[in-house]
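To keep things clear, I will list the structure first and then write my remarks on it.
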Amino acid sequence: MLDLMIPPIAAGLVILSIHVYLGLHVIARGVIFVDLAFAQIAALGATAGFLMGVNHDTPLSLALSVGFTLVGALIFSFSRLEDTVVPQEAVIGIIFVVASAAVILIAGFTAEGAEHIAETLTGTLIWVAWPQIIRMAVVYTVLGVIYYIFRKPFLSVSLGEKSPRARAWDFLFYVLFGIVISLSVPVAGVLMVFSSLVIPAVVAFLF
């Protein structure tokens, strides 16, 4: 029994290792649901691949998820406007709803649509394998180094400070964010991804 529990626990710790840091930026930016929207966009990419016959946990499925999240990164970075009557959270909410509806619609065209939707919400954490955990750990380590190198401009943009090339830094932040989410969603599901990003960060801010 212990042998079965160690991989899911290890995967959960790997996911938390970078999600907690990203959650602090999400709270600081005041875009609480951007991670949920990103998770749903990644799930939409995987669902589109599922409709085309692409199996889960394959390089092509991951590439589709990353491709969709790159589009989301572009939208999120350019929808952050100053002096506008429409808050960015409203745009994020609209994108989340559209992505969710698209997942339901596309999944309806497949024989296993209901199971696929349930899987996007809950993930397959209990069945995760060591190669997948190692892949996540390696990618998250590389992304963590990048986040550390550019921590000052990322933090400046998150805190709303005036920064040269703020839009470019915003886009880079969301691109890296999207890659993280694309790897996390197939394993942990949309609900756990959102929880691991927001709950630890909220607790940290309270203290």
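What follows draws every value from the coordinates through simple rules; no lab data is involved. None of the values given here were measured: they were computed from a predicted structure. We place every Cβ from the backbone using ideal geometry, glycine too, and count neighbours over all the protein chains shown.
Here are the numbers:
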quantity: Nearest-20 debye value, the chain charge dipole, Cβ charges on Lys, Arg, Asp, Glu; calculated: 640 debye
quantity: Cα long-axis angle, helix 59-78 against the chain (0 to 90 degrees, to the nearest 10); calculated: 20 degrees
quantity: Kirkwood Rh in Å, taken over all unlike Cα pairs in region 90-207; calculated: 16.6 Å
quantity: Nearest-0.05 FRET efficiency for Val139 and Leu74, computed from C-beta distance (R0 25 Å); calculated: 0.75
quantity: Convex hull volume of region 44-148 per residue (C-alpha atoms, cubic angstrom); calculated: 127 Å³
quantity: Helix 88-107 vs. the chain, principal-axis angle (Cα, 0 to 90°, nearest 10); calculated: 20 degrees
quantity: Extension gain (nm, one decimal) between Met5 and Leu206, 0.36 nm per residue minus Cα-Cα; calculated: 69.2 nm
quantity: Furthest towards positive pole of dipole, Ala188, Phe150, Phe109, structure part the chain, Cβ charges; calculated: Phe150
quantity: Answer label, with Rg and Dmax of the Cα atoms in Å calculated from the coordinates and candidates [x] 16.8, 56; [y] 24.5, 86; [z] 15.4, 42; calculated: [x]
quantity: Ordering of 170-182, 66-78 by burial proxy (mean other Cβ atoms within 10 Å per residue, highest first); calculated: 170-182, 66-78
